[in-house]
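Peer 1: Let me begin by handing over the structure; questions about it come next.
The values are calculated or read from the model by the stated rules, or taken from the named source; none is laboratory data. These figures come from a predicted structure and were not determined experimentally. Backbone-built Cβ (ideal geometry, glycine too); neighbour counts: all protein chains shown. SASA here: full protein model, heavy atoms, side chains in, ligands and nucleic acids out. Shrake-Rupley method; radii C 1.70, N 1.55, O 1.52, S 1.80 Å.
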Amino acid sequence: MNVAIFGLGYVGTVTAACLASQGHDVVGIDTDLAKVIGVTAGTSPVVEPSVEELVQQTAGGSLTATTDPSVALAGAAVALVCVGTPPTGDGDVDLDSLRRASQEIGTHLRHATEHLVVVIRCTVPPGTVEEVVTPLIEAASGRRVGDGFGVAMCPEFLREGTGVADFFDPPFTVIGTEEERCAKVLLELFSFIDRPAHVIPVRAAELLKYACNAFHATKVSFANEIGRIGRTVGVDARLVMELFCTDDHLNISPSYLRPGFAFGGSCLPKDLDGLLHVARRHCVDAPMLAGVRSTNEVSMRTAVQEILATGRNRVTLLGLSFKPDTDDLRSSPFVELAERLVGKGMDLAIYDPIVRPERLVGGNLRYVQQRLPHLHRLLVDDVGRSLVRSDIAVVGMVDAEIKRALSVHAPPHVFDLVGNLGDEIEALAGYHGVSW
């Protein structure tokens, strides 16, 4: 496949060399003449294991370079944009190089006869492809997307120092596009990579890259905070984190990594607070762990605000315990939500198939007596009847009975706190996902 690559920095050079090594005809484009001369002579512009060898092997054959975009784009089926998107002084992203590349591609397309798939491979904020790249290409070309060109987002997951290895063995291949033709071309372009390929919406692909890097930064900060706390209490946190990482059931796994409602229960809030108390007692600053409580409060506050914003008053809360199939109400976020809604004057009914006030004992009973002393008057047994009389359903748990009731008696507004109600419920006009 004929491929043009805008930008011969770290990402562009690694991408160009790796694609060329697999038989694609690649032309790199850069405004820096020294980089172009170097690649033409078989020298890599970046220092990275194995890249120099790949450039030497392919230079003058399947890999060439130029400063002229029109030369590189002539006959190209794919244009990969790998230009820099550095930070600005206020933390925004500088898109000047991306804008320039988009305009150059559009200028080429004005007279092009072959279809071109334009792929953004640099890291950009969600909405950039749709709101910046596509309009610039359309304005410069005089064409609309789908007329001779398509646009996609394929984020890279390359770490400096292991870029070539990561290119050939990525965690996954992500193709962000809504166009079937673009997806087909890019699946073929990366077909030599033996990893699952995921075709997703463009904005989702843009956000995915940010989510991955933000999580990596969070992991570093988390490990360092555990390390600082461990050092003050005589524990080598390297041992703790080594064992921590062997748990792929809960710790390093999809568990807990689903957008939804606030966390709660008898363990997570208590143990987080306990760890923070240890840190304070030993004068250890742990701002990331302290911020977990703050962001959890934002989740709660957002849900309450969105429910109140409907202007409706009658609410059925589906689920009260902090997890399905249990009646444990201690620190349940749904008890907190119910308390706040009652405090705002909402006419609240609660359905939970497990919770029975007469069976609550000990700390569980004391907790609900403090937070919802009139629980017995709020609980209902007939979920369908309660939904019929409600303006709003707030879904905190899902079982077959609740799904059936919602499919038949869904009120004008359905607030989903769990994220697995199914397509039928999510298609309702009044459906709201609290974190999606």
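Peer 1: How many residues, within the stretch 123-134, are within 18 Å of the chain's Cα centre (by Cα) and hydroxyl-bearing (Ser, Thr, Tyr)?
Peer 2: Quick first cut of the stretch 123-134, residues within 18 Å of the chain's Cα centre (by Cα) only: 123-130.
From what's left, hydroxyl-bearing (Ser, Thr, Tyr): 123, 128.
Count: 2.
Peer 1: Restricting attention to the stretch 352-378, which residues are of a type in the set (A, V, I, L, M) and under 38 Å from the mean Cα position of the chain (by Cα)?
Peer 2: If the condition is that a residue be of a type in the set (A, V, I, L, M) and under 38 Å from the mean Cα position of the chain (by Cα), then 354, 355, 368, 372, 375, 378 are the ones that fit.
Peer 1: Same structure, new question: Given the options 302, 310, name the one that is assigned to a loop (DSSP other than H, G, I, E, B) and hydroxyl-bearing (Ser, Thr, Tyr).
Peer 2: After ruling out the rest, the residue left standing is 310.
Peer 1: Can I ask one more? Looking at the stretch 40-72, which of its residues are touching a residue at least 40 places away in the same chain (Cβ under 8 Å) and either surrounded by 16 or more Cβ atoms within 10 Å (Cβ to Cβ) or of a type in the set (Val, Ile, Thr) (or both)?
Peer 2: Across the stretch 40-72, the qualifying residues are 48, 50, 51, 54, 55, 58, 62, 63, 65, 69, 71, 72.
Peer 1: For the stretch 372-379, state whether one or more residues are under 30 Å from residue 229 (Cα atoms) and out of contact with any Cys (no Cβ under 8 Å at 6 or more places or on another chain).
Peer 2: Checked against the condition, which is being under 30 Å from residue 229 (Cα atoms) and out of contact with any Cys (no Cβ under 8 Å at 6 or more places or on another chain), the stretch 372-379 yields no hits at all.
Peer 1: Count, please, the residues in the stretch 334-378 that happen to be closer than 15 Å to residue 395 by Cα and not in a loop (DSSP other than H, G, I, E, B).
Peer 2: 10
Peer 1: If I ask for residues that are of a type in the set (Gly, Ala, Ser) and more than 24 Å from residue 298 (Cβ to Cβ), which ones from the stretch 224-271 would you list?
Peer 2: Scanning the stretch 224-271 gives 227, 230, 234, 237, 253.
Peer 1: Is it the case that residue 195 is exposed (fewer than 15 other Cβ atoms within 10 Å of the Cβ), more than 17 Å from the chain's Cα centre (by Cα) and in a helix (DSSP H, G or I)?
Peer 2: no
Peer 1: I've got another one for you. Name the residues in the stretch 94-131 that are assigned to a helix (DSSP H, G or I) and open to solvent by less than 30 Å² (accessible area, probe 1.4 Å), would you?
Peer 2: Within the stretch 94-131, 98, 101, 102, 105, 106, 109, 128, 129 qualify.
Peer 1: Of these, 288, 300, which one is under 23 Å from the mean Cα position of the chain (by Cα) and without any contact (Cβ under 8 Å) to a residue 60 or more places away in the chain?
Peer 2: Working: 288 fails: without any contact (Cβ under 8 Å) to a residue 60 or more places away in the chain.
One residue alone meets the criteria, 300.
Peer 1: Something else: With the requirement that a residue be assigned to a loop (DSSP other than H, G, I, E, B) and either among the hydrophobic types (A, V, I, L, M, F, W, C) or without any contact (Cβ under 8 Å) to a residue 24 or more places away in the chain (or both), what does the stretch 73-93 give you?
Peer 2: Matches in the stretch 73-93: 74, 76, 77, 82, 83, 86, 88, 89, 90, 91, 92.
Peer 1: Among the listed residues 210, 256, which satisfies the condition of being surrounded by 14 or more Cβ atoms within 10 Å (Cβ to Cβ), among the hydroxyl-bearing types (Ser, Thr, Tyr) and under 26 Å from residue 125 (Cα atoms)? First the steps, then the outcome.
Peer 2: Values: 256 fails: surrounded by 14 or more Cβ atoms within 10 Å (Cβ to Cβ).
It is 210.
Peer 1: For the stretch 223-282, give me each residue that is within 28 Å of residue 436 (Cα to Cα) and either in contact with a strand residue (DSSP E or B) (Cβ under 6 Å, 6 or more places away or on another chain) or hydrophobic (A, V, I, L, M, F, W, C) (or both).
Peer 2: Once the filter is applied, which keeps residues that are within 28 Å of residue 436 (Cα to Cα) and either in contact with a strand residue (DSSP E or B) (Cβ under 6 Å, 6 or more places away or on another chain) or hydrophobic (A, V, I, L, M, F, W, C) (or both), the stretch 223-282 yields 250, 252, 257, 261, 262, 263, 267, 268, 272.
Peer 1: So which residues in the stretch 379-411 are over 36 Å from the mean Cα position of the chain (by Cα) and part of a strand (DSSP E or B)?
Peer 2: Once the filter is applied, which keeps residues that are over 36 Å from the mean Cα position of the chain (by Cα) and part of a strand (DSSP E or B), the stretch 379-411 yields only 379.
Peer 1: Still on this structure, please answer the following. Assess whether residue 157 counts as being touching a residue at least 24 places away in the same chain (Cβ under 8 Å), closer than 25 Å to residue 50 by Cβ and in contact with a Leu (Cβ under 7 Å, 6 or more places away or on another chain). Walk me through it before giving the result.
Peer 2: On the way: touching a residue at least 24 places away in the same chain (Cβ under 8 Å): yes; closer than 25 Å to residue 50 by Cβ: yes; in contact with a Leu (Cβ under 7 Å, 6 or more places away or on another chain): no.
So residue 157 does not fit the description; no.
Table: residues versus (1) closer than 26 Å to residue 418 by Cα; (2) part of a loop (DSSP other than H, G, I, E, B).
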{"site": "205", "(1), (2)": "yes, no"}
{"site": "213", "(1), (2)": "yes, no"}
{"site": "228", "(1), (2)": "no, no"}
{"site": "238", "(1), (2)": "no, no"}
{"site": "241", "(1), (2)": "no, no"}
{"site": "246", "(1), (2)": "no, yes"}
{"site": "250", "(1), (2)": "yes, yes"}
{"site": "262", "(1), (2)": "yes, yes"}
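Peer 1: Out of 316, 310, I need the residue that is within 21 Å of residue 431 (Cα to Cα), β-branched (Val, Ile, Thr), open to solvent by 10 Å² or more (accessible area, probe 1.4 Å) and modelled with pLDDT of 95 or more. Which one?
Peer 2: Numbers: 316 fails: open to solvent by 10 Å² or more (accessible area, probe 1.4 Å).
Unique residue meeting the criteria: 310.
Peer 1: Does any residue of the stretch 275-285 turn out to be in contact (Cβ under 8 Å) with a residue 60 or more places away in the chain, among the aliphatic types (A, V, I, L, M) and either open to solvent by less than 30 Å² (accessible area, probe 1.4 Å) or part of a strand (DSSP E or B) (or both)?
Peer 2: No - not one qualifying residue is present in the stretch 275-285.
Peer 1: I'd like the full set of residues that are open to solvent by less than 10 Å² (accessible area, probe 1.4 Å) and either free of Cβ contacts under 8 Å to residues at least 24 places away in the same chain or under 25 Å from the mean Cα position of the chain (by Cα) (or both), limited to the stretch 135-150.
Peer 2: Hit for the stretch 135-150 is 150, nothing else.
Peer 1: So, one more: Given the options 19, 8, name the one that is in contact with a strand residue (DSSP E or B) (Cβ under 6 Å, 6 or more places away or on another chain), under 18 Å from residue 152 (Cβ atoms), open to solvent by less than 10 Å² (accessible area, probe 1.4 Å) and hydrophobic (A, V, I, L, M, F, W, C).
Peer 2: 19
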